[in-house]
Every structure is written in C-alpha cells, then in structure tokens.
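Enquirer: Take this structure, written in structure tokens, and hold onto it; I'll ask about it next.
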Amino acid sequence: MTCFKFPHYFNKKVEPMMAQFWCRGTTQSRKIHWKSWSSLCKSKFHGGLDFRSMKAFNQALLAKQAWRILQAPSSLVAQLLKARYYPHSSFLDSGKGHRPSLVWNSISWGKTLLQSVLRSSVGNGTSISIYKDAWILGYGKNTLSSKASYS
C-alpha cells in the first residue's frame, strides 16, 4: 500500500468483506448492517467508528512517500525519479511525464493529496510569491482584482 495505488476493484472487494466481518450474524439469524460502510469510516467525533477506507488509507500512505521525496531530495529514489520525470522542475510542479511507471503514477496520486494540504511558510519572505502560493486553507491561490471595493 505504500508503493502502489491499489486498483478500484480491489477496494470494492475488500471493503465489503471488512463490513461483513464487523456486521455478521450467526448461521440461524440474519446479518444486520446498522450503518453504511461510509458512515462507519467517519471519525468518532463525527459519529462514525473510525474504520479505515482502503482508498483513503492507500492515498495517505502514498502521500507519505511523496513527502519523503520532498523532504529528502538527495536520496537515491528522489534523484532517480527527478532524472526521469522532472529534470527541469521541482517535485511539486512535476507532471506525469511520458509513459510513467506504476510507481510514479502512484506517487503522483499521493502527491495530489499532499498538495491539497501544503501551505507556504513566510520566513523572511525571499522564497515565496504572493501571487502563486496558497496562503489560506480552502481558498487556493490568491488573485488580484483590478477593481477594489472598500466597505
């Protein structure tokens, strides 16, 4: 799960098996599913039982690999992937490239999750762009409007 994106059909087969395990009855009685699997996968704070969605867990583990590449660009794996898939750009700006491998496709899928939660740190301000970087969670990148309205 930490190296490859599982196929969609795998998740569709495993999650019902997990649900049947937790909601099984005896041979004489029927099985009762008290809640849907998606509601059981919610956190306890939101009324679920905190079961893991296989798809979300798989993507989180692949995002962890993307984080490792981002944090250790001098590692052998990061250098190999950089030479093959993003030789002239940064890891976060990289695309899928021409004929990507299964590993790169998987890490790219994890990178999308990672990019959705990354934010820029101001520091001394020399390495950030006020126009290109996302500053506030949920708002994306800043845009300048030609008309300013003051209220």
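Readers should treat all values here as calculations from the given coordinates under stated rules, not as data from a laboratory. Please read these numbers as outputs of a predicted model, since none were measured by experiment. Virtual Cβ from ideal backbone geometry, glycine too; neighbours counted across all protein chains shown.
Enquirer: Over the Cα atoms of the range 15-127, each weighted equally, I'd like the Debye log10 I(q)/I(0) at q = 0.12, 0.16, 0.17 Å⁻¹, rounded to two decimals.
Expert: Log-scaled intensity ratios, in q order: -0.62, -0.84, -0.89.
Enquirer: Separate question: Between residue 132 and residue 32, 0.36 nm times their residue separation minus their Cα-Cα distance comes to what? Let's see the in-between values first.
Expert: Numbers: separation 100, 0.36 × 100 = 36.00 nm, distance 5.15 nm.
Residue separation times 0.36 nm, minus the Cα-Cα distance, leaves 30.9 nm.
Enquirer: Given points 7 Å out from each Cα along the Cα-Cβ axis, report the residue 112 to residue 57 separation in nanometres with one decimal.
Expert: My value for the distance between the label points is 2.1 nm.
Enquirer: Next question, about the same structure. Below 19 Å, Cα to Cα, which aspartates and glutamates can residue 82 reach? Residues fewer than 8 away in the same chain don't count.
Expert: By straight Cα distance, residue 82 reaches 93.
Enquirer: Let me ask something else about it. Quick one: if you stick a label point 7 Å off each Cα along the C-beta vector at residue 3 and residue 46, how many nm between them?
Expert: Roughly 3.2 nm, to one decimal.
Enquirer: Report the extension gain between residue 22 and residue 103 in nm, rounded to one decimal, defined as 0.36 nm multiplied by the number of residues separating them, less their alpha carbon distance.
Expert: Numbers: separation 81, 0.36 × 81 = 29.16 nm, distance 3.28 nm.
So the chain would gain 25.9 nm between residue 22 and residue 103.
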